[in-house]
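Nothing in this text is a laboratory measurement; each read-out follows from the coordinates by a stated rule. For clarity, every value in this text was computed on a predicted model and none was experimentally measured. Please note: Cβ atoms are built from the backbone with ideal geometry, for glycine as well, and neighbour counts cover all protein chains shown.
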Amino acid sequence: MNFARFLHLLGQALWIGGGIAAMTLALAARSEDGTVKAGVYRLLARVHGVVIAPGALITVLSGLWLTMGMARRGQGAELGEPGLATMQAAGIIAGVLVLFVALPTANLLARVAEPDQDGQLRPVFEKLRKRQAVVSSVAGALAVLALVAARLL
Ligand code: HEM
């Protein structure tokens with residue numbers, strides 16, 4: 001169980017740390033011209049694929065492993081405690097958003113991040129960027145809620 005716990009904390013560090021770094025870069029890129037913005041979003045796809053999404057996957061899988069371990073040890077009643085249940089629900093929803101929406105959107109953004117001769121990005125880039133901002137904010141808020149629920153409730 002110690003290894004599952006270690007994986008659970010490692011996953012959270014990658015996921016939440018990578019998410020904050022990505023958000024910082026995306027906000028900083030707002031005031032840059034199209035060429036710089038395009039480069040930033042191409043690199044952000046790498047951060048999503050190598051850091052954030054694997055972090056979310058490791059967190060959810062190790063969380064399920066910890067849950068099964070508790071059930072096997074007869075700690076089923078503790079699984080119904082509000083802090084734990086909130087962490088599990090918020091963590092699973094956030095994980096699904098990261099893996100099935102934010103990751104594919106980051107890859108699409110990288111693909112369309114090609115400025116034209118005037119350095120302008122296509123309207124589809126702006127549409128995807130807005131979608132990514134909303135989805136990542138919701139997933140990030142749920143991940144932080146899971147952390148607060150696990151530690152403080
Ligand atoms: C962003 C998502 C999540 C965060 C931030 C989070 C956070 C935490 C933290 C801080 C702990 C305490 C670790 C320790 O003290 O050793 C923990 C334990 C645990 N987590 Fe999560 N978690 C998340 C997602 C999940 C998910 C999706 C599940 C299961 C479906 C889950 C199941 C568990 C279980 C069963 C424990 C062990 C509780 C115990 O031993 O009392 N977690 N989590």
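Overview of results
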read-out: Helix 103-112 axis, angle to the chain major axis (alpha carbon atoms, nearest 10°); value: 10
read-out: Under-5 Å amide H pairs with residue 122, H placed in peptide plane, nonlocal only; value: 114
read-out: Residues listed by number, region 13-56, amide nitrogen under 16 Å from residue 118 label point at 7 Å toward C-beta; value: 33-35
read-out: Linear extension gain, residue 10 paired with residue 78, 0.36 nm per residue minus alpha-carbon span; value: 22.1 nm
read-out: Around residue 107: net Lys/Arg minus Asp/Glu count, Cβ-Cβ under 12 Å; value: +3
read-out: Euclidean distance between Cα centres, region 87-153 to region 1-45, Å; value: 10
read-out: Size of charge dipole - region 2-152 - debye, nearest 20, with Cβ of Lys, Arg +1 and Asp, Glu -1, no other charges; value: 220
read-out: Per-selection metrics, region 2-152 (Cα): Rg and Dmax in Å; value: 17.7, 65
read-out: 3J(HN,Hα) from dihedral phi, region 39-45, Karplus parametrisation 6.51/-1.76/1.60, rounded to Hz, x for glycine, proline; value: x, 4, 6, 5, 6, 5, 5
read-out: The chain, relative contact order in percent, only Cα pairs under 8 angstrom and at least six apart counted; value: 32
read-out: Positive-end residue of 150, 44, 29, charge dipole of the chain with Cβ unit charges; value: 150
read-out: Phi to ³J(HN,Hα) by Karplus 6.51 cos²θ - 1.76 cosθ + 1.60 over region 122-138, Hz, x for Gly, Pro; value: 5, x, 4, 4, 5, 4, 5, 4, 5, 4, 5, 4, 5, 4, 5, 5, 5
read-out: Listed residues 98, 60, 36, most fluctuating in the chain (Gaussian network, C-alpha, under 10 Å); value: 36
read-out: Within the chain, longest stretch free of exposed trypsin sites (Lys or Arg not before Pro) [DSSP loop, at most 11 other beta carbons within 10 Å]; value: 74-153
read-out: Extension gain (nm, one decimal) between residue 151 and residue 111, 0.36 nm per residue minus Cα-Cα; value: 10.5 nm
read-out: Theoretical gain in end-to-end length, residue 43 to residue 71 [0.36 nm per residue, Cα-Cα removed]; value: 6.0 nm
